[in-house]
Amino acid sequence: MRGSLTTTAPDEGIDEGINDEGMNGEEMNGVGADGAGLDGGRVGVAAGAPDTFAAVAAAVRAGLTAPQKTLPPWLLYDETGSALFEEITALPEYYLTRTERAILASSSDEIVSAAGLPLEIVELGAGSATKTSLLLEALLARQPTALYTPVDVSPTALRLAVAELRRLRRLRVRPILARYPDDLVLPERTAERRLVVFLGSNIGNYEPSEARALLAGVRRRLEPGDAFLLGADLAKSPRLLRPAYDDAAGVTARFNLNVLVRLNRELGAAFNLDRFRHVVKWNAVASRMELYLESTVAQTVPIPALNTRIAFARGERIHTESSYKLTRTAQRRLLVDAGFQPEARWYDARKWFGLTLARVPARRRSRLGAS
Ligand code: TRP
């Protein structure tokens, strides 16, 4: 998941292609490998399809002409990037995915029960949904059918999710391809209660103010009694954190550098991958890992589609991603600030990763007559 998330137009045929007998791959028809064919507003696709040429061009222009060069994280998740990210999640150094999966493996039943049945599940930044299938299986053990709405910026990831979940016959899957968090419109609910899940420590990829706004936006779109499940990595020693973002096999480096391959392909840019390197910094003050692409020489890179050339000093960096690491208290505060009531938490034995279940509180009634 990835990158920034969410949003769909409520009236754009989200339910088209959903088969009442269960999920199928039909709803993903029209989702091309690089977002081609997404503009028609069909098949669970947001009105502003995420990966259009115009969106990429605008983001790259803004990012690479800023004083601190930057590229938005969602650009990392093209088809190759999504596949590399799946590889990252299986790396020995990348403890996050397997730790979160272990918590879900042992606690999914408790989690869905605590959320309150019957439920439907919406996932922001679903990725390939392999971890979420544990929650969905627990849910289907307790109710006859269920609806799952994965939202992701990557068509590749959504296709993987659909394929992964095909085996759950009583599940309906309604994938939504979308990116932007500011205008999240959730399709009409089908169960009494909705559980929104946000896993993979994706919340940490947002700046703190964005993270609060994103969660508050989700909360506003839910009803009292609905639930939210946040999966987030916990602050720990940088000696443990750093290898997760700079693995020995170099997969994370390839993942990061792939964004330049994408700009070469989609914008005709001339980035030479031998002249950039993957750099990871731990920022102790902000409590975040920072990922950069560093220019190893002074160079100028033409980007024909933008009709521009970008100059890099030797050692100059493009910021591509941050991954904030919050303490348990800070995770709790983030949820409370967004208007949620934290109710229960689950951790792995080492307390490296936490899952927090939070509730949308009853609306405060206006106190007529009270002074
Ligand atoms: N949410 C993930 C994280 O912060 C995303 C991620 C994992 C990631 N590895 C990465 C992003 C490497 C960029 C590069 O851990």
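Quick note: the coordinates plus some simple rules give every number you see, no bench work behind them. Everything numeric in this text was worked out from a predicted model, so none of it was measured. Methodologically, a virtual Cβ is constructed for each residue, glycine included, from the backbone with ideal geometry; neighbour enumeration extends over all protein chains shown.
The figures follow:
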| item | result |
| --- | --- |
| Pairwise FRET efficiency - Val285 versus Ala362, Cβ, R0 = 35 Å, nearest 0.05 | 0.35 |
| Enclosed volume per residue, in Å³, of the convex hull spanned by Cα atoms of the range 196-263 | 128 |
| Extended-chain gain in nm, criterion 0.36 nm per residue less alpha-carbon gap, Glu192 and Arg328 | 45.9 nm |
| Full-extension gain in nm, Ala349 to Asp274, via 0.36 nm per residue minus C-alpha separation | 22.8 nm |
| Extension gain (nm, one decimal) between Arg220 and Ala58, 0.36 nm per residue minus Cα-Cα | 55.4 nm |
| Spin-label pair Arg98/Ala163, simplified geometry with 7 Å Cα→Cβ offset, distance in nm | 2.3 |
| Links that overshoot a 19 Å alpha carbon limit, given the list Lys236/Lys325; Lys281/Lys351; Lys131/Lys236; Lys325/Lys351 | Lys281/Lys351; Lys131/Lys236 |
| Spacing of the two label points (7 Å from each Cα toward its C-beta) at Ser113 and Ala141, in nm | 1.0 |
| Distant-in-sequence amide H partners of Val196 (H built 1.01 Å from N, under 5 Å) | Val122, Ala227, Phe228, Leu229 |
